[in-house]
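Computed from the coordinates by the stated procedures, all read-outs in this text should not be read as laboratory data. From a predicted model like this one, the values you see are computed outputs, not experimental measurements.
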């Protein structure tokens, strides 16, 4: 299997069911530190020593999101960034959400 971070997000056109059950769990074990919330979205909090590094990380996530055409919800606060991912067109999770999570994990944090 190709490592998730090496894949490219595929735009969802709708009309496909969100991932559930075993299929969802098989992808979840590949993204350490991310929480699958109600089989609906992924969530992870990243911590930083100050606001500036948290902001820089947020900007890197934004650049990646534009490159991949897959846009997370991002919450920025002093010393932390929370990222939530799901595929809005189907109101649930697809493989692209897991790909994006794996790519975010590879971004520099400083």
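Is the C-alpha gyration tensor of the stretch 57-110 telling us rounded, prolate or oblate? Criteria: a/c under 1.5 is rounded; beyond that, a/b larger than b/c is prolate, otherwise oblate. Here the stretch 57-110 falls in the prolate category. When shorter helices are ignored and each DSSP H run of at least 4 residues is given -39500 (n - 2.57), the per-residue value for the chain at 222 nm works out to -10500 deg cm²/dmol.
What's the angle, to the nearest 10 degrees (0 to 90), between helix 95-105's Cα axis and the longest principal axis of the chain? Tilt of helix 95-105: around 20 degrees. Multiplying the residue separation of residue 78 and residue 63 by 0.36 nm and subtracting their alpha-carbon distance yields 3.4 nm.
Against the main long axis of the alpha-carbon atoms of the chain, helix 51-68 sits at an angle near 30°.
Averaging 1/r across all pairs of distinct Cα atoms in the chain and inverting the result yields a Kirkwood radius of 14.1 Å. Our note on the geometry: Cα centres of the stretch 21-48 and the stretch 55-104, 12 Å apart.
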